[in-house]
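Single-structure report; data block below.
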Amino acid sequence: MSDVDIAGREFDAAYYGAMYGGSLPSGTDLLAHFCEQGWKEGKNPTDWFDTRYYLARYPDIVAAQMNPFVHFLLAGRIEGREPQRPLNPVRSVIEAARYPDWPAEVSQLGDRTAAQLLADGLASSPRRGRTIVSVSHDDYALSLGGIQNVVSDEAQEAVALDLNFLHLSPSHAGVIRLAPAEHTVVRVRLNGEAIGEVSSADLAAAIRGAGNTSRPLFVIHHLAGHSPESLASLIERVQAAATFYWAHDYFSACPSYALLRNDIEFCGGPPPSSAACRVCTYGPARPQHLERVTSFLDRVQAIVLHPSRSAARTWQKATRRALQSNKVAPLAKLLPSATVRRREGNDLPLRVAHLGARSYPKGWSQFEALAFRLRKDPRYEFLQFGYDGPEVRPSYIKSIPVAVSSGSRDAMTEALVEHQVDIAVLWSMCDETFGFTAYEAMAAGCGVVVRAGSGNVPYALAAEGWGALVLGSLDDLVVAFENGGAIADLAASDRNYGAVLSTAGSFGIVDFWQALHD
Amino acid sequence: MTERRRTVCFTSASYSYLDRARTLFHTVEEFHPEWDRVLVLVDEPAPGLTERPEVGDNYRTLKYSELGIEGLSAWAFEHNVVEMCTAVKGAALCQLLGAGYDRAVYLDPDIALFGRMDEVESLLEVHDIVLTPHLLAPERGMGIEDNELSALKHGVFNLGFLAVANRPEGNRAAQWWRDRLLQFCFEDIPNGVFTDQKWWDLAPAFFPSTAVLRHRGYNVASWNLSDRLISINRDGSVLAGAEPLVFFHFTKVDTVGEEMLVRYAGNSTAVLEILKWYRARVRERAVSNLPKGYWHFSTYADGRAVTREDRLAMRRLRAAGKNPDDPFRSLVSIAQLEGAV
């Protein structure tokens, strides 16, 4: 048998084409290319075989000058040799985890033109109501995500209620950590219009000079990229009537906002002096981070809001703060409809989906492992609905790009319905504070397999009476699908379609309305 | 209440392991600030390398040449880097006990502390010697060959750790070890010798006050990891099996060691996290201007490599009573010289 015959058994032409096709003439026989020269160039035949790794690890193969993939299929696999670095996905996550540096700063003055634009904009605004100052970790008008959708909802409510909506985002986008205390420049958007970068002092002056006698309300959705000290000073200077602080994640407790120790394992936020924090890449920064956030919350007398009771409990443990004035406010509700879900066409294969980006915290690594294991199983077809990022897409998982934005909030639910997804695997590796994907899966009438202990998700499903399959580990997940009985039952059970109704963030909260009308 | 004792913690290293030794001593200071810290330096500085301890170093240096070893140059010539770094341990131990310390704790440079060594201090109240075995329980499967047979070849106890009390039996043991290492500290498994380590197989028979420390948090490494899996828990504790992790031995983690750790780590990512933590600490303490693979005793004065044949030839010469003055200055390789004699 030739190399081509042997390698051809498990060669993944779709993968090879996606990885290296760009540099090859069209019409190239990819398998032949791999066997003739591709392997010598260190190219991989599939996403689970690492040619360079195999040759580096097993010098006897190098000496024999044979195709490493052929060797693996003929003998290496039986001999127990590793086709790629063992535990490669998790090792890559751990190795990449690091507490980010703050970029070198040039000036803290901001843009004077922007400052003027803002001052004029506020002073001459036709909106008669008070100013809502909204703070989050990025420009909600330009990026996608759950928090961004909440901010958008609030921006829309503000329009409806004739309020000025002033949004502050970091001048350095994408740096998930607190800014140094002395950092004061923020990016500003007023009533939907981008203004530019303004210093804290100019911001305070513009807000005070707005001619509006009502004191502004602050709604903070995230502190990443901001200086809590500068923000507190601003809040004091403009004499805010109240400050609402949403704990959408656990950034209050640690720079690792999902409380993933070394980005890999949910830790719950143990004491900062613990051995666990000592070995975490975020450990050295954590004590000061925690102190700065808690000082901020005290200084501005923030009313802390949690999207679920589960989130409030986790937050309390991780921050070691009592919950006296904290409130629980869900971000959405499920409205069931009377329409029963019916699957058209054949019952098999069952369509099994991952909802969300191909990222480790969302459980992508585990879903990928499950799909790899069952890639030849005719009972199942695996799909990913969500952000189609730069990560390698394995050929045994179909990618359906979905973008849930403020204009298309139902995009995920609609996509799940359109593709008649039978089972949604919700395998978040951390404590979800709310779990929008659970609501989207329910609205789309999907059967749900959920990881035990993934925060609010199991509770949300239970609260809706949605009989989900709750499993503990990846091994349990694989066994359940291999056995198939419970999965088939889940897929076959009666479910209705529904709709996810967002609660408009802060505008859904009594205390906020009270503050608005004080 | 225990009387306050003066304890010294020492390690032995060449410049290429200085980054690790520094990491070790930072963790020792963190958990045992009351211990003195001594580095036995088995090297000479490369050109451009400062000999003084650098800023931030928290230990005293004791050079190999300050240990009173006779015929030093020829003696050094017999040993490769591992052999020499381990051969000086006995002499250093005797010297430190002689200086008046109540207790001496030796730790390998590639070890890091994760907690206090209280169990060692308690044992030293009653025992003169404390050792940690490579293995505490029989192995299964691959582990039998990888670990049990290996322990038979390399020694029951791992001499990455040793604690000795300055009492008569402790001193006798230290002197016995020093004497043996001056003569027989070689990698010679077929003849039952493995550097400084295999000697201690004799200790329980020679020295009744030897204690075998069975706490699984001490001296965790790839060879015993499967018996004491590392877990990092919600309460913040880091455990080895059911016990708190006290110190981890990061043997050869830049080469084969990492794959061995992964092989025995089970499903847990904890070992990988600890490994990342350790690598970051070692990188922080890197020695600047150090040529790759540098060791003063690896070459003749003119830069030619000293080979294993040269070293074996020197051992035969010394065994025959010949003690060349400064073999490193020889323009002819020692192997050739011996052949000619």
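The values are calculated or read from the model by the stated rules, or taken from the named source; none is laboratory data. These numbers come from a predicted model, not from an experiment. Here the Cβ positions follow ideal geometry from the backbone for every residue, glycine too, while neighbour counts run over all protein chains shown. The accessibility values were calculated without ligands, DNA or RNA, using every heavy atom of the protein model including side chains. Shrake-Rupley method; radii C 1.70, N 1.55, O 1.52, S 1.80 Å.
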**Residue within the stretch B:211-233 that is open to solvent by 20 Å² or more (accessible area, probe 1.4 Å), more than 10 Å from every other protein chain (Cβ to nearest Cβ), over 30 Å from B:Trp176 (Cα atoms) and part of a helix (DSSP H, G or I) present** = yes
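Of the residues A:Ala443, A:Ala424, which is touching a Gly at 6+ places or on another chain (Cβ under 8 Å), open to solvent by less than 10 Å² (accessible area, probe 1.4 Å) and closer than 30 Å to A:Asp12 by Cα? Please lay out each step first, then the result.
Working: A:Ala443 fails: closer than 30 Å to A:Asp12 by Cα.
Exactly one residue qualifies, and that residue is A:Ala424.
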B:Leu275 among the aliphatic types (A, V, I, L, M), outside any loop (DSSP other than H, G, I, E, B) and either farther than 30 Å from B:Asp128 by Cβ or within 14 Å of chain A (Cβ to nearest Cβ) (or both)
yes
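Which ones in the stretch B:1-25 are open to solvent by 60 Å² or more (accessible area, probe 1.4 Å) and closer than 18 Å to B:Ser288 by Cβ?
The initial filter retains those residues of the stretch B:1-25 that are open to solvent by 60 Å² or more (accessible area, probe 1.4 Å), namely B:1-6, B:17.
Of everything in the stretch B:1-25, just one residue is open to solvent by 60 Å² or more (accessible area, probe 1.4 Å) and closer than 18 Å to B:Ser288 by Cβ, namely B:Tyr17.
In the list A:Arg343, A:Arg358, which residue meets the criterion of being in a loop (DSSP other than H, G, I, E, B), farther than 17 Å from A:Gly435 by Cβ, charged (D, E, K, R) and open to solvent by less than 20 Å² (accessible area, probe 1.4 Å)? Don't jump to the end; show me each part of the working.
Working: A:Arg343 fails: open to solvent by less than 20 Å² (accessible area, probe 1.4 Å).
The match here is A:Arg358.
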Flagged in the stretch B:234-259 as assigned to a loop (DSSP other than H, G, I, E, B), at pLDDT 95 or above, open to solvent by 40 Å² or more (accessible area, probe 1.4 Å) and away from chain A (no Cβ under 12 Å), in numbering order, are B:Ala242
Original post:
among the acidic types (Asp, Glu) and either in a helix (DSSP H, G or I) or within 19 Å of A:Ala302 (Cα to Cα) (or both), is that true of A:Glu157?
Top reply: yes
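Of all residues in the stretch A:73-118 being of a type in the set (Ser, Thr, Tyr) and away from every other protein chain (no Cβ under 13 Å), which is most open to solvent (accessible area, probe 1.4 Å)? Break it down stepwise before answering.
First, pick out the residues of the stretch A:73-118 that are of a type in the set (Ser, Thr, Tyr): A:92, A:99, A:107, A:113.
Cutting the leftovers down to away from every other protein chain (no Cβ under 13 Å) gives us A:107, A:113.
On the way: A:Ser107: 60, A:Thr113: 100 Å².
Top of the filtered list is A:Thr113.
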Every listed condition ((1) assigned to a helix (DSSP H, G or I); (2) touching a helix residue (DSSP H, G or I) at 6+ places or on another chain (Cβ under 7 Å)) holds for B:Val262 save (2)
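Hey, does the stretch A:108-122 have a residue that's of a type in the set (Ser, Thr, Tyr) and modelled with pLDDT of 95 or more? Break it down stepwise before answering.
The initial filter retains those residues of the stretch A:108-122 that are of a type in the set (Ser, Thr, Tyr), namely A:113.
Next, only the ones that are modelled with pLDDT of 95 or more stay: none.
Looking for residues that are of a type in the set (Ser, Thr, Tyr) and modelled with pLDDT of 95 or more, one finds none in the stretch A:108-122, hence no.
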Note on A:Val159: of the conditions (1) at pLDDT below 95; (2) of a type in the set (Val, Ile, Thr); (3) crowded, with 19+ Cβ neighbours inside 10 Å, unmet is (3)
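Residues that are touching a Ser or Thr at 6+ places or on another chain (Cβ under 7 Å): which helices (runs of 4 or more DSSP H) entirely in the stretch A:1-82 hold 1 or more of them?
Details: elements: A:3-8, A:13-20, A:30-33, A:51-57, A:59-64, A:68-71.
The helices (runs of 4 or more DSSP H) meeting that bar are A:13-20, A:68-71.
Listed residues A:Ala242, A:Ala312; which is within 16 Å of A:Ser134 (Cα to Cα) and in contact with a Leu (Cβ under 9 Å, 6 or more places away or on another chain)?
So the residue among A:Ala242, A:Ala312 that is within 16 Å of A:Ser134 (Cα to Cα) and in contact with a Leu (Cβ under 9 Å, 6 or more places away or on another chain) is A:Ala242.
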Flagged in the stretch B:192-212 as of a type in the set (Ser, Thr, Tyr) and touching a Pro at 6+ places or on another chain (Cβ under 7 Å), in numbering order, are B:Thr210
